[in-house]
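This report refers to the structure that appears directly beneath it.
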Amino acid sequence: MFDYIVVGAGTAGCTLAARLSENPEAHVLLIEAGPPGRRPEIAVPSEFPKLLGSALDWKDATQPQEHLNGRRLGWPRGKVLGGSGSLGAMIHLRGCPSDYDAWRDLGNPGWGYDDVAPLFTDPPADSGSPPPNKLTEVFLEACAAGGIERYTASSFTGPAQQGAGLYPVGRVNGTRWNVADAFLRPALKRGNLTVWTGVQAVKVLIEAGRAAGVQYLLRGSRHEVRGVREVILCAGAVGSAQLLLLSGVGPAEQLERLGVPVVAALPGVGRNLQDRLAVALRWTCPQPISLDGAATLWNTLQYRLWNSGPLASNLIEAGAFAKSNPKLDACDVEVMFAPLYELERGLARPAVHHGFTLLAPPLQLKSRGSITLASADPLDAVRIDPGYLTDAEDRERLSQAAERARSIVDAAPFAAYRNAAAGSHGIDDLEERVVSLHHAAGSCRMGADEASVVDATLRVRGVAGLRVADASVMPALPRAHPHATVIMIAEKAARLITAG
């Protein structure tokens, strides 16, 4: 018997379980399907491309996307302590104040920016950060030449104000800073926090309209664990929606068709799914100064001895925020820069080409999709249909972002560092250049209407003792990378739960 059962040891779950265990009278269980222990490559910032598609990834993929020429995009999702925060580029930014005020105005009191600002966590000072690559400095000079001035050294302002700079990242002394190390592992010393790894939750046990525990798989057999107070789902936009559906909480028609008994008919479960797309543009560089092929014997040794050198780079070193229209209150375009021709290969050697990549995401896309069950078998992958570019205006937003990125590379500072032929990127083949930034959110939307899944206290409608606290509750993605906002959601959830 536990007081609280938290499902999913990702960014939200690690944070929430650690906070709940601060009460010495509360016994907390955290369930994670991924393996125990640390994997050394998680700590190395530049190694994250190797983790995508590995045993630490659920290896999800979308359904074929009509507006992307039938392409299926991979949706990496962490299957490890720290979750997706252990697999990404560690960029740590909050959105604009108006992003969170919009959440509040949709019927979620207590979620405006003034309410949640004190709950944001900044990573410790990055005292061991490596110097940026030469091409990264060229990118920042080119931004300034195009009217996007560099942020001050002490503050990366982000989407609230146009500017460019080195990204703030979760890195300490050259190694990845994530919630598993920052929150979870110190909390384990308290004795009232239990972590189960290699255990896959498959169903919330709901009895007489109340969450009573969790059914899970361990070595192929089903077992049950009971909770006295609450069950909290922190399995992310895919996992939390899937668990609710498997538990009989969701659209009645879908559940009945699959033979899942309906416990609470909530049509919004799995809906409102959203993800951020970017246009990926690459140029070769005539000078051998990029990070391509940087995993040399010397650089590897340098990192092993001192946690320094190119392997300490998070690869996507800098970014710029801009407005497509100067009358906008905040930025609506981001341009991300990596001094690598093939970002997906990381620092693999030998380098096929030296070069650089720009990712250009619009910050607010209108298209929405859904997550649905393929069957009632919890081991079957769900159907992920983000509905990319189903809103006609989103293609124009992507084109604007791509043109903004091209204008930066066309600026004078890049003249000696770009090959003209490689830089002649048009937008006719936009559908083939689009990639996911892996910012899945919104599938268990918070709100006050009948289509919402949780209320402003994160309680699942129609089921007592059950909450969701992760990226799935976001009504809309904030105009920034979601990691910092997910930590904030977990901090808010801990306070809501403790208050009753």
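The values are calculated or read from the model by the stated rules, or taken from the named source; none is laboratory data. Here the structure is a predicted model, which is why all the values come from computation and not from measurement. Positions of Cβ are backbone-derived with ideal geometry, glycine not excepted, and every protein chain shown enters the neighbour counts. Heavy atoms of the whole protein, side chains included, go into the accessibility calculation; ligands, DNA and RNA do not. Shrake-Rupley method; radii C 1.70, N 1.55, O 1.52, S 1.80 Å.
Values for this structure:
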| item | result |
| --- | --- |
| The one condition in (1) assigned to a loop (DSSP other than H, G, I, E, B); (2) open to solvent by 10 Å² or more (accessible area, probe 1.4 Å) that Cys444 fails to fulfil | (2) |
| Criterion violated by Gln302 - all others in (1) polar (S, T, N, Q); (2) in contact (Cβ under 8 Å) with a residue 12 or more places away in the chain; (3) within 28 Å of Leu51 (Cβ to Cβ) satisfied | (2) |
| Complete set of residues in the range 11-63 that are polar (S, T, N, Q) and within 17 Å of Trp196 (Cα to Cα) | Thr11, Thr15, Ser21 |
| Residues of the range 5-41 satisfying the condition of being open to solvent by 20 Å² or more (accessible area, probe 1.4 Å) and at pLDDT 95 or above | Arg19, Glu22, Asn23, Pro24, Glu25, His27, Ala33 |
| Residue pairs meeting the criteria (Cβ under 7 Å; at least 6 apart or on separate chains; first farther than 11 Å from Asp3 by Cα, in the range 15-29; second part of a helix (DSSP H, G or I) and among the acidic types (Asp, Glu)) | Thr15/Glu491; Arg19/Glu491 |
| Options Gly355, Gly309: the member that is touching a Cys at 6+ places or on another chain (Cβ under 8 Å) and either closer than 21 Å to Thr136 by Cβ or among the charged types (D, E, K, R) (or both) | Gly355 |
| Flag if Arg104 is more than 24 Å from Thr390 (Cα to Cα), in a helix (DSSP H, G or I), of a type in the set (Lys, Arg) and touching a Phe, Trp or Tyr at 6+ places or on another chain (Cβ under 9 Å) | yes |
| Boolean, Arg72 is open to solvent by 40 Å² or more (accessible area, probe 1.4 Å), under 23 Å from Asn173 (Cα atoms) and charged (D, E, K, R) | no |
| Filter result for Gly110 (assigned to a loop (DSSP other than H, G, I, E, B), small (Gly, Ala, Ser), open to solvent by less than 50 Å² (accessible area, probe 1.4 Å) and touching a Phe, Trp or Tyr at 6+ places or on another chain (Cβ under 9 Å)) | no |
| Some residue of the range 74-89 being more than 15 Å from the chain's Cα centre (by Cα), under 21 Å from Leu347 (Cβ atoms), assigned to a loop (DSSP other than H, G, I, E, B) and of a type outside the set (S, T, N, Q) | no |
| Selected residue (only one of Ala480, Ala499 is open to solvent by 20 Å² or more (accessible area, probe 1.4 Å), at pLDDT below 95 and over 14 Å from Arg104 (Cβ atoms)) | Ala499 |
| Exclusive hit being of a type in the set (Gly, Ala, Ser) and over 30 Å from Arg71 (Cβ atoms), set Ala392, Ala405, Ala441, Ala494 | Ala494 |
| Residue count for the range 22-68, restricted to those that are of a type in the set (A, V, I, L, M, F, W, C) and closer than 25 Å to His223 by Cβ | 9 |
| Test for Gln302: is it open to solvent by 20 Å² or more (accessible area, probe 1.4 Å) and part of a loop (DSSP other than H, G, I, E, B) | no |
| Test: residue in the range 260-274 that is in a loop (DSSP other than H, G, I, E, B), at pLDDT 95 or above, open to solvent by less than 10 Å² (accessible area, probe 1.4 Å) and of a type outside the set (A, V, I, L, M) | yes |
| Residue satisfying all of: in the range 140-188; of a type in the set (Asp, Glu) and either free of Cβ contacts under 8 Å to residues at least 12 places away in the same chain or surrounded by fewer than 20 Cβ atoms within 10 Å (Cβ to Cβ) (or both); farthest from Ala312 (Cα to Cα) among these | Glu149 |
| Any hit, the range 246-253, residues being assigned to a strand (DSSP E or B) and either within 30 Å of Asp429 (Cα to Cα) or open to solvent by 40 Å² or more (accessible area, probe 1.4 Å) (or both) | no |
| So Arg345, is it open to solvent by 40 Å² or more (accessible area, probe 1.4 Å), in contact with a strand residue (DSSP E or B) (Cβ under 8 Å, 6 or more places away or on another chain) and closer than 22 Å to Glu432 by Cβ | no |
| Matching residues in the range 189-242 - criterion: being open to solvent by 60 Å² or more (accessible area, probe 1.4 Å), in contact (Cβ under 8 Å) with a residue 12 or more places away in the chain and part of a helix (DSSP H, G or I) | Arg190 |
| Matching residues in the range 113-132 - criterion: being surrounded by 14 or more Cβ atoms within 10 Å (Cβ to Cβ) and either in contact (Cβ under 8 Å) with a residue 24 or more places away in the chain or of a type in the set (Phe, Trp, Tyr) (or both) | Tyr113, Val116, Leu119, Phe120, Thr121, Pro123, Asp126, Gly128, Ser129, Pro130, Pro132 |
| Pairs with Cβ under 6 Å, 6+ apart, first in the range 47-59 and within 19 Å of Arg72 (Cα to Cα), second open to solvent by less than 20 Å² (accessible area, probe 1.4 Å) and in a loop (DSSP other than H, G, I, E, B) | Pro49/Gly346 |
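Yes or no, residue by residue, for (1) of a type outside the set (A, V, I, L, M); (2) out of contact with any helix residue (DSSP H, G or I) (no Cβ under 8 Å at 6 or more places or on another chain); (3) outside any loop (DSSP other than H, G, I, E, B); (4) farther than 27 Å from Pro132 by Cβ:
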{"residue": "Tyr4", "(1), (2), (3), (4)": "yes, no, yes, yes"}
{"residue": "Gly13", "(1), (2), (3), (4)": "yes, no, yes, yes"}
{"residue": "Leu16", "(1), (2), (3), (4)": "no, no, yes, yes"}
{"residue": "Arg19", "(1), (2), (3), (4)": "yes, no, yes, yes"}
{"residue": "Pro24", "(1), (2), (3), (4)": "yes, no, no, yes"}
{"residue": "Leu30", "(1), (2), (3), (4)": "no, no, yes, yes"}
{"residue": "Ser46", "(1), (2), (3), (4)": "yes, no, yes, no"}
{"residue": "Pro49", "(1), (2), (3), (4)": "yes, no, yes, no"}
